[in-house]
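Each remark here refers to the structure printed beneath this line.
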Ligand SMILES: NC(=O)c1ccc[n+]([C@@H]2O[C@H](COP(=O)([O-])OP(=O)(O)OC[C@H]3O[C@@H](n4cnc5c(N)ncnc54)[C@H](O)[C@@H]3O)[C@@H](O)[C@H]2O)c1
């Protein structure tokens, strides 16, 4: 049986856990060969073993901080060295330091931008020349619906994720004639292990974040991965420059 992403090579960043691991799992199920990148090399090794045994696809890993140019370069180079090409880049590495703006420190502000924007800038910058040379590529960034609905305590995070949304439109136009599409998937609250922990420790806070979602619940990680899978496929050939919310209706346009 042929699968949607057979013969495709995908880099997934932030793939050691959470949404990134769910995306890696989905792309592997679709047949893609993978390079998994994350700060946490130990967790990556576990993810690699599980994906190989569960889906029978080849998997490479690359540990390090993707906010560093050299690590982004090594990650893209790993795909080229192991598989000879790079079809799909999923820029998922990130995560918020969620607090009122006045409570941020210079260090938390810098980390917020490094983690959510520089990781994406470097990976795009390193991957796009390879995709342009091949005349094909799919880039899917993970943004955030909080950029659109101005969720409480998300201002600094939104500054970084808003940059990702803006990079998406600009790059989509620049690379539109190269067979490369660039889109962003913007989730609202997602039922990650971290969200489960927040719900247990601070139920009022978790309820506040879910209160803006008409569906009345966070997304399952697989619901985000499903949209990433579609945008990563050849089938999504006429979709580019879009920020697509997977948000249970928390914003509606
Ligand atoms: N969880 C949510 O409700 C939610 C909502 C909207 C958007 N998002 C976004 O979805 C993505 C995944 O979120 P998650 O909840 O699964 O987060 P998570 O913290 O569970 O996982 C993020 C992974 O990215 C890795 N990572 C972070 N910075 C990195 C760096 N500089 N270099 C390499 N790896 C790095 C971490 O080690 C971790 O394994 C993030 O971009 C996040 O901002 C999450």
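Read the figures in this text as sums done on the coordinates, not as results from a lab. None of the values given here were measured: they were computed from a predicted structure. With ideal geometry, Cβ positions are generated from the backbone for all residues, glycine too; neighbour counts draw on all protein chains shown.
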message: Semi-axes of the equivalent ellipsoid for segment 1-145, please: Cα gyration tensor eigenvalues, times 5, square-rooted, ordered largest first, whole Å.
response: 26, 17, 13
message: Whole angstrom only: what separates the Cα centroid of segment 173-217 from the Cα centroid of segment 1-72?
response: 20
- line: Output ordering of 159-168, 80-89, 104-113 (per-residue mean of other Cβ within 10 Å, highest first) is 159-168, 80-89, 104-113
- request: Give the calculated FRET efficiency between residue 226 and residue 205 to the nearest 0.05, with a Förster radius of 30 Å applied to their Cβ-Cβ distance.
  value: 0.65
- request: List 238, 101, 209 from most exposed to least, where exposure is judged by having the fewest other Cβ atoms within 10 Å.
  value: 238, 101, 209
task: Please compute the Cα-Cα pair-distance distribution of segment 62-175 with 10 Å bins starting at 0, giving whole percents from short to long.
output: 14, 42, 30, 12, 2
field: Quotient of Cα Rg and 2.2 N^0.38 Å for segment 167-253, N being how many residues it contains
entry: 1.30
Kirkwood-based Rg to Rh ratio, segment 28-71, C-alpha trace: 1.02
- request: Using only Cα atoms, figure out Rg for segment 141-184 and give it as a multiple of 2.2 N^0.38 Å.
  value: 1.31
task: Name the most mobile residue of 187, 218, 100, meaning the one with the largest mean-square fluctuation, in a Gaussian network model of the chain with Cα contacts below 10 Å.
output: 100
- prompt: Once the principal axes of the Cα atoms of segment 97-153 are found, what is the range along each, listed largest first in whole angstroms?
  reply: 46, 25, 9
- request: Over the alpha-carbon set of the chain, work out the extent along each principal axis and list the three values in angstrom, largest first.
  value: 48, 39, 34
field: Estimated [θ] at 222 nm from DSSP helical runs (n ≥ 4, -39500 (n - 2.57)) normalised by residues in the chain, nearest 500
entry: -14500 deg cm²/dmol
- line: The residues 48, 130, sorted from fewest to most surrounding Cβ atoms within 10 Å, come out as 130, 48
Listed peptides 191-198, 92-99 by packing density, highest first (mean Cβ within 10 Å): 92-99, 191-198
